[in-house]
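Submitted below is the structure of interest, expressed as structure tokens.
The values are calculated or read from the model by the stated rules, or taken from the named source; none is laboratory data. Quick caveat: nothing in here was measured; it's all calculated off a predicted structure. Methodologically, a virtual Cβ is constructed for each residue, glycine included, from the backbone with ideal geometry; neighbour enumeration extends over all protein chains shown. In case anyone asks, the SASA skips ligands and DNA or RNA and just uses the protein heavy atoms, side chains included. Shrake-Rupley method; radii C 1.70, N 1.55, O 1.52, S 1.80 Å.
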Amino acid sequence: MIKLYVYDNEQELAEHGALIIQELIQAKPNAVLGLATGSTPVGMYQALIARYQANKIDFSKVRTVNLDEYLGLEPSHPQSYRYFMNENLFNHINIDKQQTHVPDGLAPDGEKACEQYDELIESLGYPDIQVLGVGANGHIGFNEPASTLTAPTHLEVLKTSTIEANARFFNSIDEVPTSAITMGLGAIFQAKRILLLATGEAKAEAIASLMSPKLDPNCPVSMLKLHHDVVVLVDRKAAKLLAV
Ligand code: GLP
């Protein structure tokens, strides 16, 4: 079931997302957070840092698993998702870094790394909440549009549109990795709750597909309507194709 909230400004959206996570951690101090990268959740991470500084959240027992990582980028690379998480959240809160997990983009045996990541997620008991952004093409994590989607953690060749969209973070488009390791739909659906954030007009079609009755593997986010507890926070631009 999807609960949709539409906001006039990104700050309110970010605060709502942070409040949902704060309430979860207050109820379950060792919660497992499934986390996402991208520019969309940055405001929510800032709001979480502010709530930590105001003594509203204690992250000391929290565990995290991230959705995805580029293949070939070392954790110290400024565009790696490990670096992103450290910079945008982990370095600013009292989380035990040993309890934060991001797939290994440098694993010599990619297939094995995927299996091990699924074992890890299972051993943590699956996310209590999975934060998601969405690509303009409807991808979640790096589960790209396709005629069939993949359940386990797997390696994914990125679509040209994704490489182009993410090139803004790199010096040139040639530096953008062309493949990634991503949690599949399986682990995402095992999360007890999904918190999806989307802002900007570029996400309007993906959000319309999510809110339509159809399940379209060519727009992976549309699958989330099968999950029993999905909270969707969007701004007016991302909601522009919806009748709300
Ligand atoms: C990347 C990530 C996704 C993210 C998407 C949207 O490709 N793998 O997890 O949701 O981009 O990013 P942004 O929030 O910057 O629009």
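If you check PRO29 against the conditions, is it at pLDDT 95 or above and either within 16 Å of the ligand (Cβ to nearest atom) or within 18 Å of ASP118 (Cα to Cα) (or both)? Even if it seems obvious, please write down each step before you answer.
Working: at pLDDT 95 or above: yes; either within 16 Å of the ligand (Cβ to nearest atom) or within 18 Å of ASP118 (Cα to Cα) (or both): no.
So PRO29 does not fit the description; no.
Taking into account only those residues within the range 34-56 that are crowded, with 23+ Cβ neighbours inside 10 Å and more than 10 Å from the chain's Cα centre (by Cα), which is farthest from the ligand (Cβ to nearest atom)?
LEU48
Also, quick follow-up: Which numbered condition trips up GLY184, out of (1) out of contact with any helix residue (DSSP H, G or I) (no Cβ under 9 Å at 6 or more places or on another chain); (2) open to solvent by less than 70 Å² (accessible area, probe 1.4 Å)?
Among (1) out of contact with any helix residue (DSSP H, G or I) (no Cβ under 9 Å at 6 or more places or on another chain); (2) open to solvent by less than 70 Å² (accessible area, probe 1.4 Å), the lone unmet condition for GLY184 is (1).
Here's a follow-up. Give SER172, SER123 a once-over and let me know the one that is open to solvent by 60 Å² or more (accessible area, probe 1.4 Å) and either within 14 Å of the ligand (Cβ to nearest atom) or not aliphatic (A, V, I, L, M) (or both). It would help to see each step written out before you state the result.
Values: SER172 fails: open to solvent by 60 Å² or more (accessible area, probe 1.4 Å).
Answer to the selection: SER123.
Taking the options VAL230, VAL221, name whichever one is modelled with pLDDT of 95 or more, under 17 Å from the mean Cα position of the chain (by Cα), of a type in the set (Val, Ile, Thr) and closer than 12 Å to LEU4 by Cα. Break it down into steps so the answer makes sense when it comes.
Numbers: VAL221 fails: closer than 12 Å to LEU4 by Cα.
Sole residue among the options that is modelled with pLDDT of 95 or more, under 17 Å from the mean Cα position of the chain (by Cα), of a type in the set (Val, Ile, Thr) and closer than 12 Å to LEU4 by Cα: VAL230.
I would also like to ask the following. What helices (runs of 4 or more DSSP H) completely inside the range 138-244 contain at least 2 residues that are touching a residue at least 40 places away in the same chain (Cβ under 8 Å)? Before the answer, list the steps.
Details: elements: 160-166, 185-190, 204-211.
Counting at least 2 such residues, we get 185-190, 204-211.
Out of GLU115, GLU156, report the one residue that is open to solvent by 10 Å² or more (accessible area, probe 1.4 Å), within 12 Å of the ligand (Cβ to nearest atom), modelled with pLDDT of 95 or more and farther than 18 Å from THR40 by Cα. It would help to see each step written out before you state the result.
Working: GLU115 fails: within 12 Å of the ligand (Cβ to nearest atom).
Within the list GLU115, GLU156, the selection yields GLU156.
Select, from PHE189, PHE142, the only residue that is out of contact with any helix residue (DSSP H, G or I) (no Cβ under 6 Å at 6 or more places or on another chain), surrounded by fewer than 17 Cβ atoms within 10 Å (Cβ to Cβ) and hydrophobic (A, V, I, L, M, F, W, C). Break it down stepwise before answering.
Working: PHE142 fails: surrounded by fewer than 17 Cβ atoms within 10 Å (Cβ to Cβ).
Going through PHE189, PHE142 in turn, the sole match is PHE189.
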